[in-house]
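J.: Quick one: the structure is below, and I'll ask about it shortly.
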Amino acid sequence: MTQAPKPAGALRDRLGQLTDRVVGVLLLLALAAAASVALAPGLFAQRVPYEDADLGSVASGTLKANRDYDIPDEETTRRKREEAVAAVRAVYEHDAAGLAGALERIGAGFSLARQLAADPAALAGARGEIERALGARLEDAEFEVLAKAGFSAETQEAVTELVAGAMREMVVGDREELSQHRDRGIAILRRSGGGRIAEEVLSDVSGIRDLSRVRDGIDAEAKELAGISPEVRRAVANLARREIRVNLKHDPDLTRERREDAAAAVKPVVIQLKKGEKVIGDGERIEERHLVIFRGMRAQAQSGDVAQIRIGGALFASLVVVVLAAFGAGLSRLRLGRKDLLLLASVLVATLFLSDLWIAVADVLRERTPEIPVEAWTYVMPFAAAAMLVRFVVGAEATLLFAVGLSALAGVLAGNSLPAASFTLVGCIAGAARIPRARDRAGVFRAGLFAGLAQACAVLCFALFSGRIASWDVVIDAVAALIGGAIFAPVLVMSLLPLVEGLFRYTTDLRLLELANLNHPALKELIVQAPGTYHHSIIVGTLVEGAAEAIGANPLLAKVCAYYHDLGKGRNPLYFGENQKGSNRHDDLPPEESARLIIEHVQRGLEIARKYNLPKQVADGIPEHHGTRLVGYFFHKALKAREAGGPQVDPDLFRYAGPKPQSRETALIMMADAVEAASRAMPDPSPEKLEALVQKLINGIFSDGQLDECDLTLKDLSAIARSFCRTLGGIYHSRPDYPAAAKGPQAQLEAGAGTSTNKVAR
């Protein structure tokens, strides 16, 4: 079974959707490619004209960074790490329990010897055991002297006194090693019995003696001992020297660990350069720090950094556009055609490249005006002009999304600056919010002033955040932001608006204001050829203007479309009722011929629109205000002729070619056109009758399906009906019946004549 072919309309729709997707993808790729260049450095890597051999010479020109650089300074990093290592004090551990251990050994050895002192043979045999208890070796003469003294308590006390006097101080093993730390001092760790460690810093190490010096001083200390013989004193001194131990020891492992930690804690020194920042100026002497920067710039230019930056810029721009497009797809009021997408992409890309150009110009100006802060050159950039220009031709929703995307990219362009992104967003939204009210060039400047004030306030907020509000630089920044929005942005918008209108075939409100001038040649021709049609068009314009305001459509566009919707009637004006006086030329024509002449005015109107180069949005009102409706009067006349034996009636001969209204403005003209013509024919247009007539005509147009292709809602139709009734009530308001005496002598005569004949002309 073969599948039935799809209707041509469905295929056309699918082809249109596919084309839209292809166009969207192509625009996204083009935008990504442009962003990769605009957000990254120039097309070629920056050339650094100075080499290491130029150290000490004078720079022959100014060199600035063409992008952001993070250049590692290895030499400075090494020097800082060496300084950090040198600042770490050597760690020594003080054995505070060493004295107690020595005294305990002395007590144990003398106690054992005294127990055996009564038996010389046993004492001599236990000599090795006594020396182990003492922890020190005794010479034969020393042992004999101490044994003869019986290892008495007095002798023990003498040894204890000498050892305690020496070991109460810190005793180091190597004086030469300690002297290396006399400039910085040392860190001393003391361990307590509970395992806790206390640390103190000893800046002056000159008071610390080494072991040899302490032992050498024992003889002098021993001379102060009283009550013992010289032989015993010498033996006591020798034993005391052997009992003294080093109690302050260097901990090389902990010292090395601390120095390694200190070196690791020093982060690599990185020289950060912002795009446009001066590296070296003309006439400056090239120093070592300049060579470090030059090497880093060359190394990064030769690496894949530039390619990565460009890829990152392209991907970021694509991400922003895709995310905003996905969000915009959920907005029912957001309807963008291919032309709109092309405009948004073009304005975005142009803004980025113009900003790049401005940065290059600002670099030159910055050198000549060093008193102006660097930030001021960014704040004076008229970013708001882009959003204002877009808002002139597309809706508020699309403009808001555009402003968000532009601000994100502007922040990247300004060196990944959040203040720059926020500043751009505030200025764009503020300026775009006022553009719909701009009905002339002064209105554009008022919108720019609003944007400038918002930008200046943003700058002041940034200053408060950073705590520098009381600064002359902040005043200059705020003034620059005000000038950028209030002067530069409107001037740029007014300069580019004709270009946008010409290239993209947009109709702005300023163009509509020109067309709304009743002295336009097309309208002057209409008033001469068809004054009734001209009057009808003016009334329709009044009706649609109020109704457009009621439903949020464009009142100016609706009014201008109404002025020009019946231009074609000027070619055969006497075939239309509003221009007829007396006889009706259709009385002698068959219905089909009359319908042809009526329908023909649409094509004639389009020809006149092309003659006067009317914008498409205005020209669209000519065919769309009739849609595909029937020329009802002549169609019913043909049906009656058919009933009387006339020819078969073809409805297509009595139907306008369309299309149906595609916008709310042209739909308003369709309804207002019918309402105005019908209300003019009413003999007694009372408010009740006007309301019933308006409701009947709008319901008929809605039931005929003429409003299917525009986004009017039932709520909108109710608001339109109320607006039409108010306007018609003002046009056809009742007037009081003034007395004849108040109308002048002629009125009194007419009144008298009327009274005598008892007839009143109505």
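J.: Just the number, please: Stokes-Einstein D of the range 78-214 in µm²/s, Kirkwood Rh from C-alpha pairs, 37 °C, 0.692 mPa s.
T.: Stokes-Einstein gives a translational diffusion coefficient of 184 µm²/s.
J.: A follow-up question, please. Please quote Rg/Rh for the range 260-393 to two decimal places, taking the Kirkwood radius as Rh and restricting both calculations to Cα atoms.
T.: 1.10
J.: Now, a different point. Go from 0 up to the bin containing the longest alpha carbon distance in the range 498-600, width 10 Å each, and give me the % of pairs per bin.
T.: 15, 36, 30, 16, 4, 0
J.: Further, regarding this structure: Rounded to the nearest 20 debye, what is the charge dipole size of the range 249-299 about its Cα centre when +1 sits on each Lys and Arg Cβ and -1 on each Asp and Glu Cβ? Spell out each step's value before the answer.
T.: Numbers: 12 positive and 10 negative charges, 41 e Å.
The calculation lands at about 200 debye.
J.: List the residues whose amide H sits under 5 Å from the amide H of Val279, counting only those 5 or more places along or on another chain, with H placed 1.01 Å from N in the peptide plane.
T.: Result for Val279 returns Leu63, Lys64, Ala65.
J.: Just to confirm the number: angle between the C-alpha axis of helix 8-38 and the first principal axis of the chain, 0 to 90 degrees, nearest 10?
T.: 40 degrees
J.: Where does each of 518-528, 289-299, 393-403, 339-349 land if you order them by average Cβ count within 10 Å, highest first?
T.: Packing order, densest peptide first, comes out as 393-403, 339-349, 289-299, 518-528.
J.: Just round it to a whole percent: the fraction of Cα-Cα distances in the range 139-296 exceeding 18 Å.
T.: Cα-Cα pairs in the range 139-296 separated by more than 18 Å: 73 percent.
J.: Further, regarding this structure: With viscosity set to 1.002 mPa s at 20 °C, what whole-number translational diffusion coefficient in µm²/s follows for the range 237-329 from Stokes-Einstein and a Kirkwood radius over Cα pairs? Let's see the in-between values first.
T.: Details: Rh = 20.4 Å.
In µm²/s, the coefficient rounds to 105.
J.: Would you mind computing Rg(Cα) / (2.2 N^0.38 Å) for the range 642-681, counting N as its residues? Present the calculation step by step, with values, prior to reporting the outcome.
T.: Numbers: Rg = 15.2 Å, N = 40, 2.2 N^0.38 = 8.9 Å.
Computed over Cα atoms of the range 642-681, the ratio equals 1.70.
J.: When only alpha-carbon atoms count, how far does the range 547-630 stretch along each of its three principal axes, as whole angstroms with the largest first?
T.: Principal-axis extents of the Cα atoms in the range 547-630, largest first: 45, 29, 25 Å.
J.: Something else: Output the relative contact order of the range 379-535, whole-number percent, from Cα pairs under 8 angstrom with separation of 6+ residues.
T.: 27 percent
J.: Something else about it: Mind checking the full-extension length gain between Glu287 and Arg184? Use 0.36 nm per residue of separation minus the Cα-Cα distance, one decimal, nm.
T.: 33.8 nm
J.: What is the helix-to-structure angle for 714-731, meaning the angle in degrees between its Cα long axis and the longest Cα principal axis of the chain, kept from 0 to 90 and rounded to the nearest 10?
T.: Value to nearest ten degrees: 50.
J.: A further question on this structure: Quick one: what do you get for the range 365-463 if you divide its Cα Rg by 2.2 N^0.38 Å?
T.: Compactness ratio reported: 1.10.
J.: Tally up the carbon and sulfur contribution to the accessible surface of the chain as a whole percent, 1.4 Å probe, everything protein left in place.
T.: Answer for the chain is 57 percent, counting heavy atoms of protein chains only.
J.: State the three equivalent ellipsoid semi-axes of the range 112-181, derived from the C-alpha gyration tensor as the square roots of 5 times its eigenvalues, in descending order and whole Å. Before the final figure, lay out each step's value.
T.: Working: eigenvalues 207, 38, 17 Å².
Ellipsoid half-lengths, sorted descending, are 32, 14, 9 Å.
J.: Sort 684-696, 368-380 by packing, meaning the average of other beta carbons within 10 Å per residue, with the highest value first. Before the final figure, lay out the partial values.
T.: On the way: 684-696: 15.2, 368-380: 17.3.
Put in order of decreasing packing, that is 368-380, 684-696.
J.: May I ask you to give the solvent-accessible area per residue for the chain, in square angstrom, as obtained with a 1.4 angstrom probe?
T.: That works out to 53 Å² for each residue.
J.: Evaluate 2.2 N^0.38 Å with N set to the residue count of the range 167-240, then give the Cα radius of gyration divided by it. Before the final figure, lay out each step's value.
T.: Working: Rg = 16.5 Å, N = 74, 2.2 N^0.38 = 11.3 Å.
Cα-based Rg divided by the globular estimate yields 1.46.
J.: Still on this model: Test of understanding: what is the full-extension gain from Glu176 to Ile731, defined as 0.36 nm times their sequence separation minus their Cα-Cα distance?
T.: Details: separation 555, 0.36 × 555 = 199.80 nm, distance 11.49 nm.
Working it through step by step, the gained length comes to 188.3 nm.
J.: Compute, for the chain, the length of the dipole vector about the Cα centre, with Cβ point charges of +1 (Lys, Arg) and -1 (Asp, Glu) only. Units Debye, rounded to 20. Before the final figure, lay out each step's value.
T.: Values: 90 positive and 93 negative charges, 724 e Å.
Dipole magnitude for the chain comes out near 3480 debye.
J.: Relative to the longest principal axis of the chain, what angle (0 to 90°, nearest 10) does the C-alpha long axis of helix 441-466 take?
T.: Approximately 20 degrees, to the nearest ten.
J.: For Glu157, project a label point 7 Å along Cα to C-beta. Then give me every residue of the range 102-142 with its amide nitrogen under 19 Å of that point.
T.: Under cut-off, by backbone N: 103-115.
J.: Continuing with this model, one more query. Write down the Å³ per residue value for the convex hull defined by the alpha carbon atoms of the range 513-666. Could you put the intermediate results ahead of the total?
T.: Details: hull volume 17.1 nm³, N = 154.
Dividing the Cα hull volume of the range 513-666 by its residue count gives 111 Å³.
J.: Give me log10 I(q)/I(0) at q = 0.18, 0.25, 0.29 Å⁻¹ for the range 240-292, Debye formula, one equal scatterer per alpha-carbon, no solvent.
T.: Debye intensities relative to I(0), on a log10 scale: -0.82, -1.04, -1.14.
J.: Assuming a ≥ b ≥ c are the square roots of the Cα gyration tensor eigenvalues, decide whether the range 311-354 counts as rounded (a/c under 1.5), prolate (otherwise, with a/b larger than b/c) or oblate.
T.: Verdict is oblate for the range 311-354.
J.: Expressed in whole Å with the largest first, what are the equivalent ellipsoid semi-axes of the range 419-508 derived from the C-alpha gyration tensor as the square root of 5 times each eigenvalue?
T.: Its equivalent ellipsoid spans semi-axes of 29, 11, 11 Å.
J.: Measuring from label point to label point, each 7 Å out along Cα→Cβ, what is the Ala470 to Arg441 span in nm?
T.: That separation, rounded to one decimal, is 4.5 nm.
J.: Using Cα pairs under 8 angstrom and six or more residues apart, how large is the relative contact order of the chain, in percent? Working shown, then result.
T.: Values: 1016 pairs, mean separation 85.2, N = 762.
With pairs under 8 Å counted, the relative contact order is 11 percent.
J.: Related question: Along each of its three principal axes, how wide is the spread of alpha-carbon positions in the chain, in whole angstrom units, largest first?
T.: 177, 84, 62
J.: Provide the FRET efficiency to the nearest 0.05 for the His535-Ala33 pair, computing r from the beta carbons and using R0 = 45 Å. Working shown, then result.
T.: Details: r = 56 Å, r/R0 = 1.24.
In this case the efficiency is close to 0.20.
J.: Kirkwood Rh, Cα Rg: Rg to Rh for the range 96-147?
T.: 1.01
J.: Then there's this: How long is the gain from Asp704 to Cys461 if the chain were fully straight, where each residue apart is worth 0.36 nm and the alpha carbon distance is subtracted?
T.: Value of the extension gain: 81.7 nm.
J.: Moving on to the next point. How high is the relative contact order of the range 572-728, in percent, counting Cα pairs under 8 Å that sit 6 or more residues apart?
T.: Worked out over the range 572-728, it gives 21 percent.
J.: Which one of Val279, Pro419, Pro591 is farthest out on the positive end of the charge dipole of the chain, using unit charges on Cβ (Lys, Arg +1; Asp, Glu -1) and the Cα centre as origin?
T.: Pro591
The values are calculated or read from the model by the stated rules, or taken from the named source; none is laboratory data. Just so we're clear, the structure is a prediction, and the values are computed from it rather than from any experiment. As a convention, Cβ positions derive from the backbone with ideal geometry for all residues, glycine included, and neighbour counts pool all protein chains shown. Remember, those area values only see protein heavy atoms, side chains included, never the ligands or the DNA or RNA. Shrake-Rupley method; radii C 1.70, N 1.55, O 1.52, S 1.80 Å.
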